[in-house]
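What follows draws every value from the coordinates through simple rules; no lab data is involved. This one's a predicted model, so the numbers in the text were calculated from it and none came from an experiment. FYI the Cβ positions are ideal-geometry reconstructions off the backbone, even for glycines, and counts take in every protein chain you see.
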Amino acid sequence: METSQLGFGCLVCLLVIAFAQSASGGTLKVLWTHSTDTRTAGYLVSYGTQSGKYTGTVKAGYVTSVNVTGLTNGTLYYFVVQSYDKDNVTGHRSPEVSGRVPTSTGPAITCPSPVMTSLDGKAMAVTVTPTVTGGVTPVSTTCSPPSGSLFPVGTTSFTCTAVDAAQQKASCTSGVVVKASTSTTTTPPPSPSPLTLKCPTIGPVSAGNATQASVYYVAPTYSGGTAPVQLRCNPKSGTAFPLGKTTVTCDATDAKGQTASCTTTATVNK
């Protein structure tokens, strides 16, 4: 039977996202874009533990992603995608991409317990920075009320939640204590604490047969300063990085105009 010349979509958009382990093995999510060929009826995803050798196949149908389950935790897998038509004739394989099944059991998060003093007895902005460890990067954190909110005199509880790339979640609850000043004299407002910034460590990423790969990383962590603090990194997380080493520069600016910066390195390997 003659091989079909079915076209494929955006080949560079083939992507693998890691999901955490379970009792039945790990999961990797493979994503791609639709073919522009109107004859396409669906897609086959082939995978294996050696480049160019595929021992497993998933018939995904006419979708743009599939979860490949039952994989060995901590193992690197290689993937290609082919389109097929209504007669099950397949097109050419896409470029190969790879992804490693994580071994993380999910993030852990610890909430701080800030104790502040309001000099004028009014509500004051309080920065809440939880500590997060583990999980599948990138890990995002949110707090309610958000960090930098106005907290009144007294004790106000808050909850922070961490969500990693595998959608594993962890939460913690603590309280902000704001005390009213007992001093009868006028005290000048304290000088803002220095703002410092620490860049994340970015693990190496494999581009497979491509000349670039999307690199995701967590936001830098800051300490000190006056809330709210704005964070920026260049290139941004999720940007397609070329092969080799690329310097990522991050900077922070607080409400008082204080700035801090740091650099880290992203490495994309073949």
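In table form, for the structure just shown:
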quantity	calculated
Computed label-point distance, nm, for sites Asp120 and Ser144 using a 7 Å Cα→Cβ extension	3.1 nm
Identified option (computed Cα extents along the principal axes in Å; candidates (i) 48, 43, 34; (ii) 93, 37, 33; (iii) 50, 38, 35)	(ii)
Cβ-Cβ FRET estimate between Asp85 and Leu243, R0 fixed at 30 Å, reported to 0.05	0.30
Distance violations [Cα-Cα > 27 Å] among Lys29/Lys53; Lys236/Lys270; Lys198/Lys245; Lys59/Lys245; Lys179/Lys256; Lys29/Lys236	Lys59/Lys245
Cα centroid of region 132-169 to Cα centroid of region 59-118, whole Å	25 Å
Per-residue ³J(HN,Hα) for region 191-204, Karplus 6.51 cos²θ - 1.76 cosθ + 1.60, θ = phi - 60°, Hz, x for Gly and Pro	5, x, 5, x, 8, 10, 9, 10, 7, x, 8, 9, x, x
Rounded FRET efficiency, nearest 0.05, which uses the C-beta distance separating Asp251 from Thr72 and R0 of 35 Å	0.30
Cα→Cβ-extended label distance, 7 Å offset, between Thr196 and Gln212, nm	3.6 nm
